Amino acid sequence: MTRAPDGIVRAHTLPHRGLVRHASPLSLLVLGTLLMLGMSGLLGHAGMDRHTYRSDTQSHTLDIEMPTVIRTGDFYETRLHIKAGADIHKLTLAVPVALWREITVNAMIPQPGSENADGEAYTFDFGPLAAGKEIRIKIAAQVNPRLHGLLAGEIEVRDGERVLVRAPRQLRVLP
């Protein structure tokens with residue numbers, strides 16, 4: 001008969017009764033709890049509902065619908081609803097560079113007539129907007145995978161260079 005390796009005694013080779021050869025019920029309970037927490041959204045997706053923010057002056061209104069908390073790598077939409085109380089000769093949307101750091105913009109509907117970036121903001125010109133008229137803008141974007149933290153800035157509606165309405169927004173990106 002061959003000799004067993006050091007530390008192995010006869011009791012190790014005898015059949016066992018009970019849960020000795022099975023996974024620990026405690027480890028299954030911990031794993032199951034983590035899975036349930038993940039599916040419930042309590043570990044990060046909770047609060048990822050869209051949030052609508054309204055900013056208005058005496059003559060203009062800006063509603064911004066966008067998430068306030070999102071996961072890195074996720075796609076999301078920002079919807080803007082601009083209502084002109086007075087004529088706007090050159091409707092310009094300005095998004096601060098800080099709010100779109102590490103964000104990839106996939107589409108904007110309607111397409112602006114021209115786009116520009118000056119290091120402080122990305123600007124999009126949509127042409128004139130008559131008093132009493134409104135425009136809805138949809139922006140589809142994705143958070144780049146390496147981004148996490150807080151993005152913040154003020155989205156502005158302008159008439160050319162003159163600011164008509166400002167809306168402070170922030171987006172918390174979770175890993």
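Would you tally the residues in the range 1-49 being among the acidic types (Asp, Glu) and at pLDDT 65 or above?
Looking only at that region, the number is 1.
Residues checked against (1) among the hydrophobic types (A, V, I, L, M, F, W, C); (2) open to solvent by less than 40 Å² (accessible area, probe 1.4 Å):
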{"residue": "ARG136", "(1), (2)": "no, no"}
{"residue": "ILE139", "(1), (2)": "yes, yes"}
{"residue": "GLN142", "(1), (2)": "no, no"}
{"residue": "GLU154", "(1), (2)": "no, no"}
{"residue": "ASP159", "(1), (2)": "no, yes"}
{"residue": "ARG162", "(1), (2)": "no, no"}
{"residue": "ALA167", "(1), (2)": "yes, yes"}
{"residue": "ARG172", "(1), (2)": "no, no"}
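Give me a count of the residues in the range 51-73 that are open to solvent by less than 50 Å² (accessible area, probe 1.4 Å) and farther than 29 Å from ALA131 by Cα.
Count: 6.
Could you say which residue among ALA140, ALA98 is under 25 Å from ILE70 (Cβ atoms) and at pLDDT 95 or above?
ALA140
For residues that are of a type in the set (A, V, I, L, M, F, W, C) and surrounded by fewer than 17 Cβ atoms within 10 Å (Cβ to Cβ), scanning just the range 74-92, find the one that is farthest from the chain's Cα centre (by Cα).
ALA86
Is there any pair linking a residue in the range 100-128 that is of a type in the set (Lys, Arg) to one that is modelled with pLDDT under 95, with Cβ under 8 Å and at least six apart or on different chains, and which?
Taking only residues 6 or more apart or on different chains, the pairs are ARG101/LEU147; ARG101/LEU151.
Output the residues belonging to the range 96-130 that are over 17 Å from LYS83 (Cα atoms) and among the small types (Gly, Ala, Ser).
ALA98, ALA107, GLY113, SER114, ALA117, GLY119, ALA121
The values are calculated or read from the model by the stated rules, or taken from the named source; none is laboratory data. Here the structure is a predicted model, which means the values were calculated and not measured. Using ideal geometry, Cβ is built from the backbone for each residue, glycine included, and neighbour counts are taken over all protein chains shown. The protein model used for the area step is the full one, side chains on, heavy atoms only, and it has no ligands, DNA or RNA in it. Shrake-Rupley method; radii C 1.70, N 1.55, O 1.52, S 1.80 Å.
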